[in-house]
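Colleague: Just dropping this structure here.
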Amino acid sequence: MSDRLVWIDCEMTGLDLHRDALVEVAALVTDSELNVLGDGMDVVIAPPQEALDQMVDVVREMHTASGLLDALAGGTTVADAEDQVLDYVRAHVPEPRKAPLCGNSVGTDRGFLMRDMPALESYLHYRIVDVSSVKELARRWYPRSYYNAPMKRGGHRALADIRESIDELRYYREAVFVPQPGPDSAAARTLAEKYGGSRSEPRTPAPGKADLDEEQVTDAARTPAPDGPTGGSPDA
């Protein structure tokens, strides 16, 4: 195994592999200390019109608020996006199938990569590093650290979401992967300030931005649309 970690986040028109399309893919590579290597890659993809037409309201509102929906007309093809991301990954991970795929709820992203970007997906190791799994375990075993973890502010844009995932793992590394009992609530909040601020602090949504966290968006996205199967948001 390589010490490199490949972080990928996808934005889609929904979560249904049979109906939905990729609209943005971003990647960052880090070393084992979570230092980012290079500038990363962020590519907007122009989806088929039918994928746009069947988006559920919560996803359409999310991509409108983030500015992604307006950017889609100038997006590239899936094939070109795959080439760009793979070139960046290869520059920092020269050997195939050595570095794991990392992110939040990254199994969803991997499913779309397997379907649409098989060369990129197969270049990665079969193992994954899922920060959402760390978060779920922290909620059960280290609740002080979980409830004082950094807030999500990525706005459902792929590159910003990746940076937040890396910061989230940095936080849990310092707050959870330490000798028990770990930090108290005040120390956890102070630690979270290094990575964007604690989720336990009140927050005010930016003007014109939907105040939806990742769980709310994903739950809404999995709700069946009136005219067909589930659609939704990729940010889970």
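Colleague: Which of rounded, prolate, oblate describes the range 110-209, given a ≥ b ≥ c as roots of the alpha-carbon gyration tensor eigenvalues and a/c under 1.5 marking rounded, otherwise prolate only if a/b is larger than b/c? Please list the in-between numbers first.
Modeller: Numbers: a/c = 2.84, a/b = 1.43, b/c = 1.99.
Because a/c hits 1.5 or more and a/b fails to exceed b/c, the range 110-209 counts as oblate.
Colleague: Under 5 Å between amide hydrogens, which residues at least 5 positions from E24 or on another chain qualify, with H placed 1.01 Å from N in the peptide plane?
Modeller: Amide H neighbours of E24: E11, I45.
Colleague: Are there trypsin sites (Lys or Arg not before Pro) in the range 41-119 that DSSP puts in a loop and that have at most 16 other Cβ atoms within 10 Å, and which ones?
Modeller: Of the trypsin sites (Lys or Arg not before Pro), the ones in loops of the range 41-119 whose Cβ has at most 16 other Cβ atoms within 10 Å are R97, K98.
Colleague: Here's a follow-up. Could you check the simple spin-label distance between R139 and D31, using points 7 Å along Cα→Cβ, in nm with one decimal?
Modeller: The answer from the label model is 3.4 nm.
Colleague: A follow-up question, please. For F177 and T77, compute 0.36 nm times the residue count separating them, minus their Cα-Cα distance, and round to one decimal in nm.
Modeller: 31.9 nm
Colleague: State the Cα centre-to-centre distance between the range 17-92 and the range 127-159 in whole Å.
Modeller: The range 17-92 and the range 127-159 have Cα centres spaced 21 Å from each other.
Colleague: Once you order the gyration tensor axes a ≥ b ≥ c over the Cα atoms, which shape class does the range 22-89 get: rounded for a/c under 1.5, otherwise prolate or oblate by comparing a/b with b/c?
Modeller: Values: a/c = 2.97, a/b = 1.80, b/c = 1.65.
Prolate.
Colleague: Now, a different point. Under 1.5 on a/c is rounded, so check that first for the range 9-127, then, if it is not, pick prolate when a/b is larger than b/c and oblate when it is not; a ≥ b ≥ c are the square roots of the alpha carbon gyration tensor eigenvalues.
Modeller: Prolate is the answer for the range 9-127, as a/c is 1.5 or above and a/b outweighs b/c.
Colleague: Output the peptides 9-15, 45-51 sorted from most to least packed, where packing is the average of other Cβ atoms within 10 Å over each peptide's residues.
Modeller: Values: 9-15: 26.3, 45-51: 15.0.
Result, highest mean Cβ count within 10 Å first: 9-15, 45-51.
Colleague: Follow-up question, since we're still on this one. Taking the beta-carbon count within 10 Å as an exposure proxy, list H18, H125, H156 from fewest neighbours to most.
Modeller: Least crowded to most crowded, the residues run H18, H125, H156.
Colleague: Oh, and also: Could you compute the net charge surrounding V44? Neighbours are other residues with a C-beta less than 12 Å from the C-beta of V44; K and R count +1, D and E count -1.
Modeller: So the surrounding residues net to -4.
Colleague: With θ taken as phi - 60° and the coefficients 6.51, -1.76 and 1.60, list the Karplus ³J(HN,Hα) couplings across the range 139-148 in order, rounded to whole Hz; mark glycine and proline as x.
Modeller: Result, rounded to whole Hz: 4, 8, 10, 10, x, 4, 5, 5, 6, 10.
Colleague: Quick one: order L191, L52 by neighbouring beta-carbon count within 10 Å, fewest to most.
Modeller: L52, L191
None of the figures in this text is laboratory data; all of them are computed from the coordinates on show. Computed from a predicted structure; not experimentally measured. As a convention, Cβ positions derive from the backbone with ideal geometry for all residues, glycine included, and neighbour counts pool all protein chains shown.
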